[in-house]
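What follows is a single structure, written as structure tokens, with notes after it.
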Amino acid sequence: VVSLRGGLAFVLLEDVSPILRCHELTGKLTQVRDLYASIVKAKIEIYGDKDMRILPFVWGVLDASLRLSNMGAATVEQQAVQRVREGNLDEKMPWYHPPQGERRIVTNIEFIASHVEMGRLLLLRKEYDKAKDELQKVADWREDIRKVGKDWRRKDSTVQNQVRSYEVVADGIFRLGGAYVGLGRLQTGENRMMEGLGHWEELVELEEEAGLRVACNHLEVESVHIRSLVAAYLGVVNFLIEQNRFTDSVPIVNKALAQMAKSQLRAHSPLFVRTIQRRAQLNLDCHHIEDALKDFDHCRELTAVLYGQDSVQVGACLTDKARFVQYITEPRKQEMDGARQLAAEGLAIMERYFDKTSTRLVPSLRVLGCLLVR
């Protein structure tokens, strides 16, 4: 594709989106960032660092850096994104939607997106007060549009415009909830997170109804927005687990897995496997033993595909599964024997890779020891 385009500087976003999706699904986030960065470097040599054509790729580098928690790089890249926007876009834009009545002048949605990016960076730095102030501007912008009788979703506009409205507002509102949680305002934080989650669900539903996920006509449709919805689901799950609300978290994990299962590459996704493993543990915490065992078996199958039948990861999975018997008040002899066998198999695999003095053996040894004592 690069050869046909005449060089890396001339590739389009849809050219690289398939390989980006593969990297995303297989957890190779550093490679995602490197690919974006190489394209940005090539385009800057041709067009300069303020050309609008580099914006989606510069944003891709920024997003990857934020997800990798690379605060230094993200700070520089956020400034680069803002520089491109300020050099090409007006700070204000007319808002016609719905078309009845006079138009209104509002802050350009791309500048609102800058507040979201800065909010993400501040959250990474744990500067929750400043992050809240930045992200509150997204909520205020949405309310200002509502107050003048306009539609922030732009349902009368093109699908691309609707998608842009949703992704900016959904991300901003959801992360605003995270800022409130960081400040200890848990109920307000949860409300905001669920509100943002609802917007992400609306966005994915819109894309699927419009056929965008099949046609790939928009910015990384299969990876960014499905991934963003899954990330939001898992963010809510983390919050609920911290509050010891295990029962409430199981349906949210189910929704996350349902979205990830839509991909034909799901068996090669480490995140998919880890999420199944998390649901297995949650089912144990809720004393849903049968459901937990099914998840552990599924996790083992997928782990074997990813890493090999005799891999360290499979050994750890066997050890985790062996713990199920600890959640049974009066286990039968058959259940105890099965658990000990699983723990012994897990330990045997781990011992093939690590010396007997290695701390990596501690979890497997602890589980088997507890079962033998019991």
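Some notes on this structure:
- Any hit, the range 188-196, residues being more than 30 Å from I105 (Cβ to Cβ), among the β-branched types (V, I, T), free of Cβ contacts under 8 Å to residues at least 40 places away in the same chain and open to solvent by 30 Å² or more (accessible area, probe 1.4 Å): yes
- Filtered residues of the range 92-136 (kept if out of contact with any Lys or Arg (no Cβ under 8 Å at 6 or more places or on another chain), open to solvent by 30 Å² or more (accessible area, probe 1.4 Å) and among the acidic types (D, E)): E102, E127, D129, D133, E134
- Pairs where the first residue, in the range 99-119, is under 19 Å from D133 (Cβ atoms) and free of Cβ contacts under 8 Å to residues at least 40 places away in the same chain and the second is part of a loop (DSSP other than H, G, I, E, B) and open to solvent by 40 Å² or more (accessible area, probe 1.4 Å), C-beta under 8 Å, 6+ apart: T107/E91; F111/L89; F111/E91
- Remark: pairs (first residue in the range 59-77, of a type in the set (K, R); second residue surrounded by fewer than 24 Cβ atoms within 10 Å (Cβ to Cβ); Cβ separation under 8 Å; 6+ apart in sequence or on different chains) = R67/L29.
- Highlighted here are the helices (runs of 4 or more DSSP H) found entirely within the range 1-88 that include at least 2 residues which are farther than 19 Å from D171 by Cα: 2-5, 13-25, 29-47, 71-88.
- Test result for V236, modelled with pLDDT of 90 or more, open to solvent by less than 60 Å² (accessible area, probe 1.4 Å) and closer than 30 Å to V305 by Cβ: yes
- Residue match in the range 270-288 (condition: open to solvent by 40 Å² or more (accessible area, probe 1.4 Å) and more than 29 Å from R192 (Cβ to Cβ)): yes
- Single residue of the range 301-353 satisfying the filter (of a type in the set (S, T, Y) and open to solvent by 80 Å² or more (accessible area, probe 1.4 Å)) that is nearest to the chain's Cα centre (by Cα): Y307
- Here A113 clears all of (1) farther than 11 Å from V169 by Cα; (2) modelled with pLDDT of 95 or more; (3) touching a helix residue (DSSP H, G or I) at 6+ places or on another chain (Cβ under 8 Å) except the condition numbered (1).
- Lone unmet requirement of (1) within 24 Å of the chain's Cα centre (by Cα); (2) open to solvent by 50 Å² or more (accessible area, probe 1.4 Å); (3) within 19 Å of E117 (Cβ to Cβ); (4) of a type outside the set (V, I, T) for P18: (3)
- A131 vs. criteria in contact with a Gly (Cβ under 7 Å, 6 or more places away or on another chain), in contact (Cβ under 8 Å) with a residue 12 or more places away in the chain, in a helix (DSSP H, G or I) and on the phi < 0 side of the Ramachandran plot: yes
- A single entry from D355, D337 fulfils the requirement of being assigned to a helix (DSSP H, G or I) and out of contact with any Ser or Thr (no Cβ under 6 Å at 6 or more places or on another chain): D337.
- Only a single item in (1) closer than 26 Å to A170 by Cα; (2) in contact with a Cys (Cβ under 9 Å, 6 or more places away or on another chain) is not met by A292, and it is number (1).
- Scanning the range 137-169 for residues that are assigned to a helix (DSSP H, G or I) and open to solvent by 50 Å² or more (accessible area, probe 1.4 Å) gives K137, D140, E143, D144, R146, K147, Q160, N161, R164.
The values are calculated or read from the model by the stated rules, or taken from the named source; none is laboratory data. Note that this is a predicted model, so its numbers are computed, not measured. Don't worry about glycine lacking a Cβ; one is built from the backbone with ideal geometry, like all the others, and counts go over all protein chains shown. Note: areas computed on protein heavy atoms with side chains; ligands, DNA, RNA excluded. Shrake-Rupley method; radii C 1.70, N 1.55, O 1.52, S 1.80 Å.
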